[in-house]
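Worksheet for the structure shown next.
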Ligand code: MOS
């Protein structure tokens, strides 16, 4: 602890990250980097076939390797109480109860785990484990599998499909997106330590320590408070840390088995099949409009992959129901089982996928209508109320995002006819798209420990997955108390601290900010109650009447009531003052709908001979309510946009249809956008606080940084070349082969 602390800097950097020093000096530890006494190492062995069952496993040579302590298989394992029979497994909804049966669902599924004194011993021994299988037919080909899976309604139909069947203008297209993999910098890892028979301590990479705590509490039938989870520094999650995955359970089982702390870290290639991914998807969408560009209806169908052992639904058509006022709407979806591990939420999950189709189709429609795509959107945005719930938006400034983005990129320089701008072999084009995300909020807790010298430590169990939550908490505590930032420390990512939701779905700050405000108020009240023992002016004052400084307490009302902390502490014989409070959504959710949104604009160059796409400018104007910490918020948005560039142009997990293997499952084979692929992302915020969502007015960012990026890029490529790309990623081969239509 204590690494979330920028106080040791000679000068506190303006709006700098509280964890910045720890991060750049390497003092901040990822899960696998903790030192635990007497630890041993676990390495997973994966199935070499994609479907069937295990006939036999040969452990004889592996067991002879020096330092091997034990090898877990489905035939040799500790009993996990919460997974001890089929009913319990069903209830636990754990997905893949690792080492449970001889059944094989995908290639790479863990069939054994070697535990040894050193990582090297375990790795070598794992390489010597071999198995015989009864293989069965498998399917890993989304493209051929999805046509056989029927669609079902996804949400209630609005209006009727008949009402717009004669729409004067319609567009109808299909879109495909490849499997994409989170690939965070930090590999998932768990150090599992049974401190006693029913007390478990975990250092684990995840996006929510309380979720991990709850999951293991259920699996092992021990109280949550007996489980401590540490996840102080997280090297990126992108959704992959929102669940507890089989490797973490394997580590805990291993630690039980050998009665020693066990460290298990996934390798990069293992990560590709161990912690989810964005499922491959197919979409068909039809949109109708009047000649002046009023949308009359939409019909959106979406299918995406899942595993054969678990149903994962990504919610691809959700976004279609959200952004625009379609008077008639029908959305349908289905999931397609494949012999792969279960996919999960990834970077703007569902909406990101659906938005690519909707925002591409609207662009296609704009050319048909000969109408500016900016004007077409502005005409149809559901800016007043949520078309799904009918409730008024608490705030929705997506129209302003669009207008500001258009001005910033100088949209007027865009040519309405594709292929008109070029420089040498490069074609130049402009594109735009919008994105939206339901702004959620969870119940979160925070605590403050105050010392006599006026230093406060603000605490929460919430993890900071790299978004700058700690920094934002410091800013909010500073604004709420008046204490200077260099006297505010942050502690987080630890289940011993006040409970908080997982960090995901753009709800982190929206949830924790209310708790920090509430806790600051609790601190003021508590200090005032001590002060009241000395000075009647403090009796029954409200928190908003109390002023705190670096040295003492006073009241807003004039008069001589200032009392130093030193005096308060001495008079009351205090060591520290501790307060805790929580905050969550309430009646405002009945009255209003909440959304964050963004408009993405880009200018691209497309090389006519090689098909290479270069993003020359990328602009994101976002409405995330109040921006608590501008630099961290802008970092998050530009990071999301870089993820969007990867999604648009290069990210694809290829599979080998003959063997069921992943292809190129490492950082050499799986390309994502790096600095060379991205311009400096230009981020702007509307910055208007939402008065209803929470005490901070912050609606949340993250998802809207990527939702819309891929369509903006595809639309710009079309504007540059007249080639409509409907399959992601838009690699150079696809760009060259697409036919010119504009
Ligand atoms: Mo995310 S997919 O909001 O971790």
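For Cα pairs less than 8 Å apart in space and 6+ apart in sequence, what is the mean separation divided by the residue count of the range 8-105, i.e. the relative contact order in percent? List each step's numbers first, then the result.
Numbers: 39 pairs, mean separation 30.9, N = 98.
Once divided by the residue count of the range 8-105, the mean separation gives 32 percent.
For the pair the range 76-99 / the range 491-529, the C-alpha centres are spaced 34 Å from each other.
Would you calculate, for the chain, the mean residue ellipticity at 222 nm contributed by helices, counting each DSSP H stretch of 4 or more residues as -39,500 (n - 2.57) and dividing by all residues, to the nearest 500?
Values: 19 runs with 191 residues, N = 742.
Dividing the helical sum by the residues of the chain leaves -7500 deg cm²/dmol.
Which ordering of 229, 79 is given by a fewest-first count of other beta-carbon atoms within 10 Å? Intermediate results must be reported in sequence, preceding the final value.
Numbers: 229 29, 79 10.
Fewest-to-most Cβ neighbours within 10 Å comes out as 79, 229.
Note on residue 61 and residue 38: with the Förster distance fixed at 30 Å, the Cβ-Cβ geometry gives a FRET efficiency of about 0.65.
So for the range 187-249, Kirkwood radius off the Cα pairs, Stokes-Einstein at 25 °C and 0.890 mPa s: how many µm² s⁻¹? Rounded to a whole number, D works out at 211 µm²/s. Measuring between their Cα centroids, the range 640-672 and the range 605-630 lie 21 Å from each other. All C-alpha to C-alpha distances of the range 686-742, sorted into 5 Å bins beginning at zero, yield P(r) values of 4, 17, 20, 13, 9, 8, 8, 9, 7, 5, 1 percent in whole numbers.
Calculation over all alpha carbon pairs of the range 489-536 in 5 angstrom steps from 0 returns a P(r) of 5, 17, 19, 21, 13, 10, 7, 5, 2, 1 percent. Each peptide in 468-474, 425-431 gets a packing score, the mean of other Cβ atoms within 10 Å over its residues, and the list from highest to lowest is 468-474, 425-431.
Each principal axis of the Cα atoms in the range 433-587 has its own extent, and those three values, largest first, are 58, 29, 24 angstrom. Dividing the convex hull volume of the alpha-carbon atoms in the range 634-679 by its residue count gives 78 Å³ per residue. Protection proxy ranking, highest mean first, for peptides 85-97, 368-380, 130-142, 281-293: 281-293, 368-380, 130-142, 85-97, where packing is the per-residue count of other beta-carbon atoms within 10 Å, averaged. Rg over Rh for the range 489-581 works out to 1.05, using Cα positions for both radii and the Kirkwood form for Rh. Size of the range 79-214: Rg and Dmax of its alpha carbons, in Å, are 23.1, 72. With the alpha-carbon atoms of the chain aligned to their principal axes, the span from lowest to highest coordinate is 81, 76, 50 Å, starting with the largest.
Averaging over every viewing direction, what projected area does the convex hull of the Cα atoms of the range 573-636 cover, in nm²?
Working: hull surface 38.4 nm².
It is 9.6 nm².
Calculate the translational D of the range 439-496 in whole µm² s⁻¹ from Stokes-Einstein, where the hydrodynamic radius comes from the Kirkwood formula applied to all Cα pairs, the temperature is 4 °C and the viscosity 1.567 mPa s.
Details: Rh = 12.0 Å.
Using the Kirkwood radius from Cα pairs, D works out to 108 µm²/s.
Taken over the range 627-742, the convex hull of the Cα atoms encloses 162 Å³ per residue. Here the range 235-280 is treated as a sphere whose radius is the Kirkwood value from Cα pairs; by Stokes-Einstein at 37 °C and 0.692 mPa s it diffuses with a coefficient of 276 µm²/s.
Each peptide in 656-662, 337-343, 453-459 gets a packing score, the mean of other Cβ atoms within 10 Å over its residues, and the list from highest to lowest is 337-343, 453-459, 656-662. Dimensions of the range 45-145 along the principal axes, based on C-alpha atoms and rounded to the nearest Å, stand at 45, 33, 22, largest first. For a paramagnetic label modelled at 7 Å from the Cα of residue 534 toward its Cβ, which residues of the range 442-484 fall within the zone defined by backbone nitrogen distances under 16 Å? Correct set: 451-455. Size descriptors for the range 197-325 (Cα atoms only): Rg and Dmax, in that order, 21.0, 72 Å.
Normalised by the number of residues in the chain, the mean separation of alpha-carbon contacts (under 8 Å, six or more apart) gives a relative contact order of 15 percent.
Can you give the % of DSSP beta bridges in the range 234-364 that are antiparallel, to the nearest 5? Counting only bridges with both partners in the range 234-364, antiparallel ones make up about 45 percent.
Semi-axes of the equivalent ellipsoid of the range 295-367 are 26, 12, 10 Å, computed as sqrt(5λ) over the eigenvalues of the C-alpha gyration tensor in descending order. When only alpha carbons of the range 542-680 are considered, Rg and Dmax amount to 26.9, 82 Å. Model label points for residue 268 and residue 668, set 7 angstrom from Cα along the Cα-to-Cβ axis, are 0.9 nm apart.
Taking 0.36 nm per residue of sequence separation and subtracting the Cα-Cα distance, how much length would be gained by fully extending the chain between residue 127 and residue 591, in nm to one decimal? Could the numbers behind the result be given before it?
Numbers: separation 464, 0.36 × 464 = 167.04 nm, distance 5.91 nm.
Full extension of this stretch gives 161.1 nm more.
One chain, two ends: residue 166 and residue 567. Fully extended at 0.36 nm per residue, the span grows by 136.4 nm beyond their Cα-Cα distance. As a proxy for reagent exposure, 650, 113 were ordered by neighbouring Cβ count within 10 angstrom, fewest first; the result is 650, 113. One quarter of the convex hull surface built on the alpha carbon atoms of the range 13-75 amounts to 8.7 nm², the projected area averaged over directions. Fewest-first ordering of 59, 737 by other beta carbons within 10 Å of each residue's beta carbon gives 737, 59.
Since every read-out is calculated from the coordinates, none of them should be taken as a lab result. Note that the structure is a prediction, hence the values are computed from the model and not measured. Glycine also receives a Cβ, built like all others from the backbone with ideal geometry; neighbour counts cover every protein chain displayed.
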